[in-house]
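Each reported figure results from applying straightforward, stated rules to the coordinates on display, with no laboratory input. From a predicted model like this one, the values you see are computed outputs, not experimental measurements. Glycine also receives a Cβ, built like all others from the backbone with ideal geometry; neighbour counts cover every protein chain displayed.
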Amino acid sequence: MAVSLPGASDIGRYVKKNLLLVLIIIGCILGFIIGIVVNEPVQGIQDPEKKATAIMLIGFPGELLMNMLKMLVLPLIVASLVCAMASLESKAAGRIGRRTVIYYLSTTIIAAVVGIVLTAAIRPGKIDKPMNVGESMENVRTIDGFLDLLRYKTTLLKQILYIITK
C-alpha cells in the first residue's frame, strides 16, 4: 500500500475547486507580512500628527470593508428569515413568527435602555473646560475631509438600505 504524492494536476484541480479559500489564505498571509513590514517604520515616526495620519490611512481600507460587511448583515438576515418562513407550514410559521417578533422587540427594548443608561452616565459631548470663542477643538486637514466623505458615503448607503428594508 504505497501512498502516492499529489501531482501538479491534483493541486491545480484543488486550487481551481477551492479558489476562494486559497485567495483568502493568500490575502491573510500577505496582510500579515505587510503588517510586519509596515509596523516598524510607522512606529518610528516622531511627529504625532504624521504618525496618526499614517495609522489612519493604513486602517482606512479595513474600516471601509467592515462598514460594507455591516451593510450586508441586515439584508442577509431578512432574506434568510423570509426563506425559512416560506418553507414552513402555516401553523409552525405563526408560532415561530410570534417568537421572532417577541425576541426582536425585547432585544430592541434592551438595546434602547442600555443606550439611554450609558448616555446618561457617560454624557458624550460634555466638555469640562469651556472653550474660548475663537478656539477650535482641532485642526481640520484636507485628508480628514476626503476620508470622511468616503466613510459617510457608506453610512448613507446603510441608511438608504435600512429605509428600503424597513
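Details
- Among G44, I77, L57 the positive-end extreme of the charge dipole of region 10-104 (Cβ point charges): I77
- A simple spin-label model places pseudo-atoms 7 Å from Cα toward Cβ; at I58 and I96 they are separated by 4.7 nm.
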